[in-house]
Amino acid sequence: MSNKNYFSSEHLASHFEAIKPQLPGGDVKWLETFRENCMERFLETGIPGPRVEEWKYTNLGLLKDKSFEVSENQTDIDQSFIDTLSIPGLKGSKVVFIDGYLSKTYTSIKKEDEIILSSLTDLVKNNPDRAKALFNNHNSASSLFNLNLALMTGGYVLLIDENKKLAEPIQIIHFASQATKSNALRTQNFIEISSGGGAQIIENFVSLNKDFKWRQNNTQITLAKNASLEIYQFQNESSETLHMAETYIDVEDEADFKHFSLNIGARISRTELKPTLIGKHANIELRGAFLARNGSSHDVFTHMKHMVPEGTSDQVYRGVLDKGGKSAFQGRVYVAKDAQLTNAEQSNKNLILDRSAEANSKPELLIYADDVKCAHGATVGELDQEALFYLKSRGLDHKAAKALLVEAFVSEVFDDIKIEPVRQKYLTLARDWLEQGE
Amino acid sequence: MLEIKNLHVEVDGQKILKGLNLKINAGEVHAIMGPNGAGKSTLSYAICGKEGYEITEGSIFFKGKNILELEANERAGEGIFLGFQYPVEIPGVSNMNFLKAAINSIRKYRGEDEMAAVDFLKLIRAKAAELEMDPEMLKRAVNVGFSGGEKKRNEMVQMAMLDPIFSVLDETDSGLDIDALRIVADGINKMRSPEKAILVITHYQRLLDYVVPDFVHVLSNGKIVKSGDKELAHQLEKEGYAVLGIDENAA
Ligand SMILES: Nc1ncnc2c1ncn2[C@@H]1O[C@H](COP(=O)(O)OP(=O)(O)OP(=O)(O)O)[C@@H](O)[C@H]1O
Ligand SMILES: [Mg+2]
C-alpha cells in the first residue's frame, strides 16, 4: 500500500467486507477463504496508477474514491431484446449475463453441451473438487485479476474432453441493464480444453446504462496438446463504462489459439491478453481493431510469452481514432533463452481521422534466444488524400469515400474469419461506428 | 459543353495555370499536348475539383453550370470523368466494390435508384471483356500490384462503366503496349458521340492516329499557346516544341 505508483484501494477492501455475505457461494467456506486470499493479494499493491509502466496510457484515477454497489437485477428484459444482442444464424448454446449475474431465464444450453458448459456458481455447488482445482493458482496474476476473483458474481466454465470438438460456436452475452443499481459487474470464466478438443466462443459486451459502470470480465484458459480455441469479442459498452477484460492463456504442444476483438464502446476499455506458449509448435493469433472518438479510449495490452522452442505467434491490431479519441497498443513479446526457432510477429497500424485524436503504440521485444524470427511494425498515419480524391472523382461523397477507406483499413483484421455471420457482425459494427462520425 | 475562361490556378502558393482559355463543344474530341510541367495535369485536376488546386481567377462552366462551386463527387455526378495520369492504389477495396459504390453514388446524385446487382454484374463483365481485362482483376484491390499498363486499362474500364458526358484522359496512352493502345483507343472511340466530349492529354501522335482529334492545343507555361487541327500534332511530332518558340526545358 505504501507504493506511490498505486492508488489507495482501501475503499475496495471495505466494499468487499460489506458485500461478502451476499456474493454467490457466500455460504461455501473454502470459496470464502479463496476470495479473502485474492483480496489480500490485490491489496498488496492495489489499483495501478499511470506511473506503472503497463498502465501509462490508461489512468484508473477515476476509481480512486468511487463507492461501489452490487446487487442482482430483478428486472425483466424482453427475450426479443436478448435476441437482438445475439448473432443471427448461429444455433449453439447461449449464456446470458445480466449485470454480472448469469441469467437462468435467458441462458439456453444445448443438451449436448450440458456436461461441458456450466455457470461458475453451479460448478462450485455441484462439483466443488473441480472448482477448487480451477481456483487453485493465481499467485502470478495481476492485482486487478485477483480483485475480480475476490468479488466475482458469476462466470462460465467450459471444460472440453479429449478430442471433442464443438459443432457450433457458443455465444456469451454480457449485458448491463438500464435498471440496475450495481455499478461494478464482475465475471470470471474458465476454459479448459483437453487434448485434441476444440471450441469457438463469441462474446458480446453491451450496456445501456448511462451511469458509470466498472466491468471486469476475466478469463483463465488452458489448451492441452493439439487443442484449439477461437474467441470472438465485441465490445460496445455505453459511454460511461470502464471495461476491462484480462485473459491468461496457457498453450501446450501444437495447440492453436485465435483471438479477435473489436472495441468500439466504453469510456475506457482495457483488453489484456497474456498467452504463454508452454508446449512446442503452439500457434497463437491475436487480431483486433479499436475505434474511438468523443473522449473514449482503448488500450490493448498483450504479453506473449514464448517459453519453449518452435512456437509461432502473430498479432495484428488496427486503430481508428476520430475526434477526441485515444488509443494505446502495447505489445510485449518475451522469448525465453530456450525458445529457439520462435517466430513472433506483431503489427499495429493506426489511422488518425482528426488532429485531436491520439494513438500510442509501443512494441516491446524481450528476446533472450538467438535463433528467432521476430518482426514488429507500428505506424500512425492519416487518411491517404490521393485515395480520397480518387474515390471522390468517381462520385463517392466525402463521407462515403472516407468510410470505404477506413473500412478497408479495419477489415484487414477480420477478413479471414471463417464464421460468416461473425465476420458480418464485425463489419456492421464498424460501419455503424463510422456512420456516426462527421 | 465545357467553357474555361481566363483560368488561374495555384498549388501551394505557386502559380501553375496563368490565364487559360478553352472551349469544348458536344461531339468534339480535343487533344492537349505540351512539355513536361506545363500544367496539363493541373488543368485536369482543376476541372475535376481536386482539393489544394486553388482557382484564383477565371471560371469553368460545364453545360451552363458553374462547376467551381461543386465538390469533386458532384462534378462526377454531373458527368465529368478524369482518367488519371497516375491511378491511385487503394488497398483493401476491391475493384468490384469500388465500381459498385461509384455507379450507385452517381445514380444517387442524379436521383436514380441503385443499380440491381445482376445488372451491375452483367455490365461490368461486358465492359471488362470489351477492354480485354481479365475478370480476375475485378476482384483484386483497386490498382494494387497492377502494372502501369493494367492501371491505365482499369481507368478505361471505369470510364466505360460510369459512361461520363465529358472525360479528361490524362496520358492514358502512356505505359501501354501496342495492342493495349489499340484496345484503349477503341474504347475511347466508343465513347465518342454527338452528346459527349473528350479531352485527351498526350505526348504522342500514335494515340491520335487512332483517336483522331477535332482540335489540338499546345499548353505551355500555364497557357494555351497554340491551337489547330490534327495537323498541328503531326507538325509537333516532327519538329518538336521549339518551332513554337517553346524551350522544352523551361515549361
Ligand atoms: N504541390 C505542388 N507544389 C508546387 N508545385 C507543384 C505542385 N504540384 C505540381 N506542381 C508543379 O506544377 C507544374 C505543372 O505540373 P503538372 O503536373 O500539371 O504538369 P504536366 O503538364 O501534367 O506535366 P507532365 O507532362 O510531366 O505530366 C510542375 O512544374 C509541377 O512541379
Ligand atoms: Mg501530367
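Taken together, the values in this text are just the output of simple stated rules run on the coordinates, not laboratory data. Here the structure is a predicted model, which is why all the values come from computation and not from measurement. Heads up, the Cβs are rebuilt from the backbone with ideal geometry, glycines too, and the neighbour counts pull from every protein chain shown.
A quarter of the convex hull surface defined by the alpha-carbon atoms of the range A:269-315 gives 3.1 nm² as the mean projection. Of the residues A:Gln200, A:Gln340, A:Gln79, the one that moves most in a GNM of chain A with alpha-carbon contacts below 10 Å is A:Gln79.
Charge tally around A:Gln216: other residues with Cβ under 10 Å, Lys/Arg +1 each, Asp/Glu -1 each, net +2.
Which of the residue pairs A:Lys91/A:Lys111; B:Lys15/B:Lys238; A:Lys399/B:Lys108; A:Lys402/B:Lys40; A:Lys399/B:Lys50; B:Lys190/B:Lys226 have a Cα-Cα distance greater than 19 Å in the structure shown?
Result: B:Lys15/B:Lys238; A:Lys402/B:Lys40; B:Lys190/B:Lys226 exceed 19 Å.
Listed by chain and number, the aspartates and glutamates placed with their C-alpha closer than 14 angstrom to that of A:Lys326 are A:Asp299, A:Asp354, A:Glu358; residues fewer than eight positions away on the same chain are left out. Given R0 = 51 Å, the distance between the Cβ atoms of B:Asp12 and A:Ser140 translates into a calculated FRET efficiency of 0.35.
Annotation: the antiparallel percentage among DSSP beta bridges lying fully within the range B:102-235 is about 50.
Output the relative contact order of the range B:2-244, whole-number percent, from Cα pairs under 8 angstrom with separation of 6+ residues.
28
Calculate the FRET efficiency for A:Gln22 and A:Lys91 from the Cβ-Cβ distance with a Förster distance of 30 Å, rounded to the nearest 0.05. With R0 = 30 Å, the Cβ-Cβ based efficiency is 0.25. Of all DSSP bridge pairs formed entirely within the protein assembly as shown, close to 20 percent run antiparallel. Our coupling estimate for the range B:102-110, obtained by passing each phi through the Karplus curve with A = 6.51, B = -1.76, C = 1.60 and θ = phi - 60°, is 5, 4, 6, 5, 5, 5, 4, 4, 8 Hz, Gly and Pro reported as x. Counting only DSSP beta bridges with both residues in the range A:62-382, the antiparallel share comes to about 5 percent.
In terms of surrounding Cβ atoms within a 10 Å radius of their Cβ, A:Trp30, A:Trp433, A:Trp214 rank from fewest to most as A:Trp30, A:Trp214, A:Trp433.
Principal axis analysis of the Cα atoms in the range B:2-244 yields extents of 53, 40, 35 Å, listed in decreasing size. Histogrammed with a bin width of 10 Å, the alpha carbon distances of the range B:124-251 distribute as 11, 39, 31, 15, 3 percent, first bin at zero. Mean residue ellipticity, 222 nm, helices only, chain B: the sum of -39500 (n - 2.57) across DSSP H runs of n ≥ 4, divided by residue count and rounded to 500, is -11000 deg cm²/dmol. Once the chain from B:Glu231 to B:Glu114 is taken as fully extended at 0.36 nm per residue, the excess over their C-alpha distance is 37.6 nm.
Scanning residues 5 or more positions from A:Ile201 or on other chains, those with amide H under 5 Å from its amide H are A:Ile170, A:Glu230, A:Ile231, A:Tyr232, with H placed 1.01 Å from N in the peptide plane.
Cross-link partners of A:Lys337 among aspartates and glutamates, defined as those whose alpha carbon lies under 12 angstrom from its own and excluding same-chain residues fewer than eight positions apart: A:Asp370, A:Asp371. Bridging of B:Lys122 to aspartates and glutamates at a Cα separation below 20 Å is possible for B:Glu112, B:Asp113, B:Glu114, B:Glu130, B:Glu132, B:Asp134, B:Glu136, B:Glu155, B:Asp163, once same-chain residues fewer than 8 apart are set aside. Summing charges over all other residues whose Cβ lies under 11 Å from the Cβ of B:Pro135, with Lys and Arg as +1 and Asp and Glu as -1, gives +1.
Taking amide hydrogens as placed 1.01 Å from N in the peptide plane, the amide H of A:Asn348 sits under 5 Å from those of A:Tyr317, A:Gly377, A:Ala378, A:Thr379, each at least 5 positions away in sequence or on another chain. In this rough spin-label picture, where each label sits 7 Å from Cα along the Cβ direction, the B:Glu136-A:Asn5 distance is 5.5 nm. From largest to smallest, the equivalent ellipsoid semi-axes obtained for the range B:190-251 from the alpha-carbon gyration tensor read 23, 13, 10 Å. The alpha carbon convex hull volume per residue for the range A:335-374 rounds to 54 Å³. Close amide H contacts of B:Leu82 (hydrogens built in the peptide plane, cut-off under 5 Å, sequence separation of 5 or more or a different chain): B:Val168. When the Gaussian network model of chain B links Cα atoms closer than 10 Å, the mean-square fluctuations of B:Glu78, B:Glu89, B:Glu150 top out at B:Glu89.
Just counting partner chain Cβ atoms within 10 Å, what average do the residues of peptide B:87-97 show around their Cβ? Intermediate results must be reported in sequence, preceding the final value.
Details: counts 1, 9, 4, 9, 6, 10, 8, 1, 0, 0, 3.
For peptide B:87-97, the averaged partner shielding equals 5.
The mean sequence distance of close C-alpha pairs (under 8 Å, at least 6 residues apart), as a share of the length of the range A:314-428, puts its relative contact order at 27 percent.
For A:Gln385 and B:Val212, the FRET efficiency from 1/(1 + (r/R0)^6), where r spans their Cβ atoms and R0 equals 51 Å, is about 0.90.
Using a cut-off of 26 Å between Cα atoms, the listed pairs B:Lys65/B:Lys230; A:Lys323/A:Lys362; A:Lys418/B:Lys151; A:Lys64/A:Lys104 include B:Lys65/B:Lys230; A:Lys418/B:Lys151; A:Lys64/A:Lys104 as exceeding that distance. The mean sequence distance of close C-alpha pairs (under 8 Å, at least 6 residues apart), as a share of the length of the range A:62-382, puts its relative contact order at 11 percent. The magnitude of the dipole of the range A:249-338, with charges of +1 and -1 set on the Cβ of Lys/Arg and Asp/Glu and taken from the Cα centre, is near 700 debye. For the residue pairs A:Lys274/B:Lys139; A:Lys125/A:Lys164; A:Lys56/A:Lys349; A:Lys132/A:Lys210; A:Lys373/B:Lys139, the alpha carbons lie more than 31 Å apart in A:Lys274/B:Lys139; A:Lys132/A:Lys210; A:Lys373/B:Lys139.
Remark: the protein assembly as shown projects, on average over all directions, an area of 35.1 nm² (convex hull of Cα atoms). Each of A:Asp256, A:Asp416, A:Asp370 has some number of other Cβ atoms within 10 Å of its Cβ, and from fewest to most they run A:Asp370, A:Asp416, A:Asp256. Summed over qualifying helices (DSSP H, 4 residues or more, each -39500 (n - 2.57)) and divided by its residue number, chain A shows a 222 nm mean residue ellipticity of -6500 deg cm²/dmol.
Which order results if A:Phe301, A:Phe175, A:Phe81 are arranged by neighbouring Cβ count within 10 Å, fewest first?
By the 10 Å Cβ count, ascending, the order reads A:Phe81, A:Phe301, A:Phe175.
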